[in-house]
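In what follows, a structure is listed as structure tokens, so that the remarks can point back to it.
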């Protein structure tokens, strides 16, 4: 069925983000289980609780529209989860997987932020004030989660394997220009 009205687009996108949030719950458990950093583990567990609250708010939005809450598969979220699972299959070290997961979660947050911004704009155009308020609460939580993820990633310490170049610890001889007899001509 072609989507031809803003109401239909809003309903489509609402079902999409509802499906995305439900699918995300499973991934948050997985990332919390993989986290070796205490703060990252805590953040993923906290965000799971927030996501459960976001799902409840979305159900209230459906109710305000007189609709039964219905999820549809979200290809965007599925793609992000598939990408994360694919990376995990490469058997990275715990440090690298932890660092990767913080950035994978940032991709998810940005996706959700964009989805909520679009829903809010549509709801504003349609004069759906109650839906705007509920969706704004979800958006605010997603933005806070993104900020926290960025901070955790910034503070994350990744161990370098022996012999790997970090780019910061070059040998002084490598920095010095090649000369004959150790002196510049």
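The values are calculated or read from the model by the stated rules, or taken from the named source; none is laboratory data. Fair warning: this is a prediction, and the values are worked out from it, not measured in the lab. Here Cβ is always computed from backbone atoms with ideal geometry, including for glycine, and neighbour counts include all displayed protein chains.
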### Test: residue in region 154-162 that is in a helix (DSSP H, G or I), under 22 Å from residue 34 (Cβ atoms), out of contact with any strand residue (DSSP E or B) (no Cβ under 8 Å at 6 or more places or on another chain) and at pLDDT below 95
yes
### Query
Can you name every residue in region 89-106 that is buried (at least 16 other Cβ atoms within 10 Å of the Cβ) and either in contact with a helix residue (DSSP H, G or I) (Cβ under 7 Å, 6 or more places away or on another chain) or under 14 Å from residue 151 (Cα atoms) (or both)?
97, 98, 99, 100, 101, 102, 104, 105, 106
